[in-house]
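Undergrad: Below is the structure I would like to discuss, written out as structure tokens.
Every number in this text was worked out from the coordinates using simple rules, so none of it is lab data. Fair warning: this is a prediction, and the values are worked out from it, not measured in the lab. Please note: Cβ atoms are built from the backbone with ideal geometry, for glycine as well, and neighbour counts cover all protein chains shown.
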Amino acid sequence: MDLGISAKRAAVAASSGGLGLASAQALAAAGVRVAICGRNAERVAAAAATLPPDTVALTVDVSTVEGALQFVDQATDALGGLDILVPNAGGPPPGTFASTPLDAYLPALELNLLSTVAMCHAAVPGLIDLGWGRIVAITSHSVRQPIPNLILSNTARAGVTGFLKTLATEIAPHGITVNTVQPGLHATDRMTQLHGDHLSDAGAGQPTGTVGRPEDFGAVVAFLCSDQARFITGTAVPVDGGASRGLQ
């Protein structure tokens with residue numbers, strides 16, 4: 001299906017691997033020119049090698065507000081403008097309330113909340129000038145159903161979901177949509193770190209009986225950036241194999 005976004009320009013954060021890279025690949029397949037980033041130059045270069053030759057590869061750490069602003073600014077300069085923003089970042093360390101010290105919360109909030117706020121601050125004025133834009137943030141299905149032993153992620157990602165829902169309402173009149181996509185268990189390095197050799201066992205416990213494929217997740221992100229998705233905004237789309245059991 002033609003998504004109607006060929007020749008658009010996208011900045012996809014934390015995209016040297018995992019769901020970020022899968023999203024960049026899906027957008028590139030739709031004809032979008034993408035800018036990707038990561039903390040490790042070698043990993044970023046390897047990721048860029050899986051994308052078209054005109055991909056912009058940036059070594060930037062978006063875990064801080066400064067890095068998040070830098071990524072959007074550099075991507076916008078290199079692409080000659082920006083139409084699509086995909087905020088994304090790695091997850092904070094696991095832990096429970098009892099095992100997590102108070103001083104661990106601020107870095108987690110900067111990683112999974114404030115970095116996205118900063119990216120939006122950098123990107124939204126330009127999107128308003130264009131009168132068109134797509135913001136699709138990668139969060140977690142823990143926003144619907146908190147995941148045990150991930151109190152930092154549960155807290156920060158709930159905050160960013162509230163921010164983006166508010167932003168969606170405020171900038172909808174400018175032709176800009178804002179949505180979040182909530183992954184569950186997918187075959188990524190992050191999930192392997194959390195589950196180790198038991199990832200396949202965890203997948204067997206899902207309603208679908210397996211873990212998700214990153215490329216399927218990326219296709220959902222690309223669709224929400226499409227022309228056909230112009231009337232979808234302020235939504236939070238779970239891509240979790242049915243793991244979230246609530247009605248909303």
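Undergrad: So how do 95-108, 157-170, 43-56, 5-18 stack up, highest first, on mean other-Cβ count within 10 Å?
TA: Averaged packing, sorted descending, gives the order 5-18, 157-170, 43-56, 95-108.
Undergrad: Could you state the number of Å between the C-alpha centres of the range 39-99 and the range 210-232?
TA: That distance is 19 Å.
Undergrad: Rg to Rh for the range 78-177: what is it, with Cα atoms only and Rh by Kirkwood?
TA: A ratio of 1.05.
Undergrad: Still on this model: Using only the alpha carbons of the chain, determine the length spanned along each of the three principal axes and report them from longest to shortest in whole angstroms.
TA: 46, 40, 36
Undergrad: What net charge do the residues around Val60 carry, taking every other residue with its C-beta under 14 Å from that of Val60, with Lys and Arg at +1 and Asp and Glu at -1?
TA: -2
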